């Protein structure tokens, strides 16, 4: 076990934020003394230089600062990891994608949940390249908060830890540094307002949405409590990321609406690492540097520092009223990100885009299969059903955090809905003669449906039933069952995969009590918004009575083929846009939390 304090502080559940109408605290209030939150970060730490490090674990500093070439090399390191097929943090750093793996001591292992992953990659790279490293080892909430990972007004840094030898020969132990990171880092380290705040600098800074600024190694923070690392950005502005989970698994995806926006102090969005400089150090007998202080680069010296992702390119009265304008056109935030990162207007091939989104969802379903399999192998489904749900199903600790899937399932549902909404939007753009659409056919709904079916047909989803047999469903079967998928790890794998037919459930050993829990959790399965600030420790009777906060009566529509079928039958002409057609791009409103 990693310990109670690790479970409490280093977890990374996908939890929703309460979007405040009051967007930001004024700077003078942020800088003023505040009451420290009763919940602060900073788990148990060991002095990385207290005990002599074995030769293979010695962290020698041979460079005083991170240079532009070091940053490029770090990006290449992350890119290679992302492009590989590694499935957990340990496998990733032991795979052929890691060019430094041969120098690792025998028996070394690696662990990371989503908040830890950026730190693991950055610290490991710094160790292997003799670079200085420093990190925020203690943060507290601005104002009061029950949980600093979801503080309404963000956090500030009250403690930093430098990794550098205090004297000649007292090299830090890299294994101890990585252990300390696992103990101290949580998603609270990413939750901060842009601009001046009290305390020490954060490890990251908000970055301009531009080519080269969002790059391999850039971090994406979702204020729902999830963190990812960019590993690739293509010429069409598609941003691909890797992320890790409490079970140490690593998954991949494309940036989209699963990453929500929020008020500025919550700190959502893209962040880059602050370059570090070791000052006041002296060279030891072997030429490496000892002593000194590691100094993070201040905001004023960062050329790509920007708060535009919070307030828009054209500011309004608050963060929700800011507009994003690209080449004179006001567009939706997610469209803006794609255009701005690509550095040009995007001409969408709707058939290609639909194929890409279905492929991404196929990957997500397979990742979910791995997560459910881990829970089943751990025997959670064989344990008795607890008498109550956790205090919050999205943000908790222990077995529920490690083996349940409410956050993962909610992100999957959002992505299925995004696919349906996006193909409808493509049809509306085509109908309006939008020059942002590249389509030469005469039946766009039919061609989109054909592309969907073809890609979906190449995506069987399999799971192992309670009796050890293998069950297979199609992609479209999985889509139809999406809101029947159980997030509850104490239920049989058949119910984890939404089985409702008696024949399929025949192998499920769950008794009557678990069956009633499954049915009672339906309203929770219907919701896609994740609310961390609500008490959710419902009993079975609470759920059966549809107690306030226990979900929705009906799920949203995620049936892409039905939407296409209905539009195909209309009299609308979906032929290609005429040359020079006026772009009439519908702006999809920002998602707001309930």
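Just so it is clear, none of the values below were taken in a lab; they were calculated from the coordinates. These numbers were taken from a predicted model, which means no experiment stands behind them. When we count neighbours, we look across all protein chains shown, and the Cβ atoms used for this are built from the backbone with ideal geometry, even at glycine.
Tabulated results
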{"read-out": "Estimated FRET transfer efficiency (residue 450, residue 129; beta-carbon r; R0 56 Å; 0.05)", "value": "0.70"}
{"read-out": "Cα→Cβ-extended label distance, 7 Å offset, between residue 283 and residue 315, nm", "value": "4.7 nm"}
{"read-out": "Segment 371-440-segment 236-293 distance, computed between alpha-carbon centres (Å)", "value": "25 Å"}
{"read-out": "Gyration tensor (alpha-carbon) shape descriptor, segment 312-415, a/c threshold 1.5", "value": "oblate"}
{"read-out": "Residue 247/residue 344 FRET efficiency (R0 30 Å; Cβ-Cβ; nearest 0.05)", "value": "0.15"}
{"read-out": "Kirkwood-based Rg to Rh ratio, segment 440-573, C-alpha trace", "value": "1.07"}
{"read-out": "On Cα atoms only, tilt of 444-457 relative to the major axis of the chain in degrees", "value": "60 degrees"}
{"read-out": "Cut-off 11 Å, label 7 Å out along Cα→Cβ of residue 63, residues of segment 274-312 by amide N", "value": "276"}
{"read-out": "Tensor-based shape of segment 77-135 (alpha-carbon gyration tensor, a/c under 1.5 rounded, otherwise prolate or oblate)", "value": "rounded"}
{"read-out": "Cα-based Rg / Dmax (Å) for the chain", "value": "24.6, 81"}
{"read-out": "Burial ordering of 351, 78, fewest other beta-carbon atoms within 10 Å first", "value": "351, 78"}
{"read-out": "Value of [θ]222 nm, deg cm²/dmol, for the chain, DSSP H segments ≥ 4, -39500 (n - 2.57) each, nearest 500", "value": "-9500 deg cm²/dmol"}
{"read-out": "C-alpha center-to-center spacing [segment 70-140, segment 460-495] in angstrom", "value": "33 Å"}
{"read-out": "Sites residue 562 and residue 90 - FRET efficiency at Förster radius 51 Å, r taken between beta-carbons, to 0.05", "value": "0.75"}
{"read-out": "Stretch gain in nm, segment residue 359-residue 476, where the contour uses 0.36 nm per residue and the Cα spacing is subtracted", "value": "40.9 nm"}
{"read-out": "On Cα atoms only, tilt of 174-184 relative to the major axis of the chain in degrees", "value": "60 degrees"}
{"read-out": "Between helix 350-377 and the chain: long-axis angle, C-alpha atoms, 0 to 90°, nearest 10", "value": "70 degrees"}
{"read-out": "Cα pair distances of segment 350-544 binned at 10 Å [whole percent]", "value": "8, 33, 30, 17, 9, 2"}
{"read-out": "Separation in nanometres of the label points that stand 7 Å from Cα toward Cβ, at residue 513 and residue 500", "value": "2.6 nm"}
{"read-out": "Cα gyration tensor category, rounded, prolate or oblate, for segment 229-385 with a/c compared to 1.5", "value": "oblate"}
{"read-out": "Euclidean distance of C-alpha centroids, segment 323-339 and segment 146-172, integer Å", "value": "36 Å"}
{"read-out": "Residues 413, 271, 425, sorted so that the one with the fewest Cβ neighbours within 10 Å comes first", "value": "425, 413, 271"}
{"read-out": "Neighbour-count order for 397, 430, fewest beta carbons within 10 angstrom listed first", "value": "397, 430"}
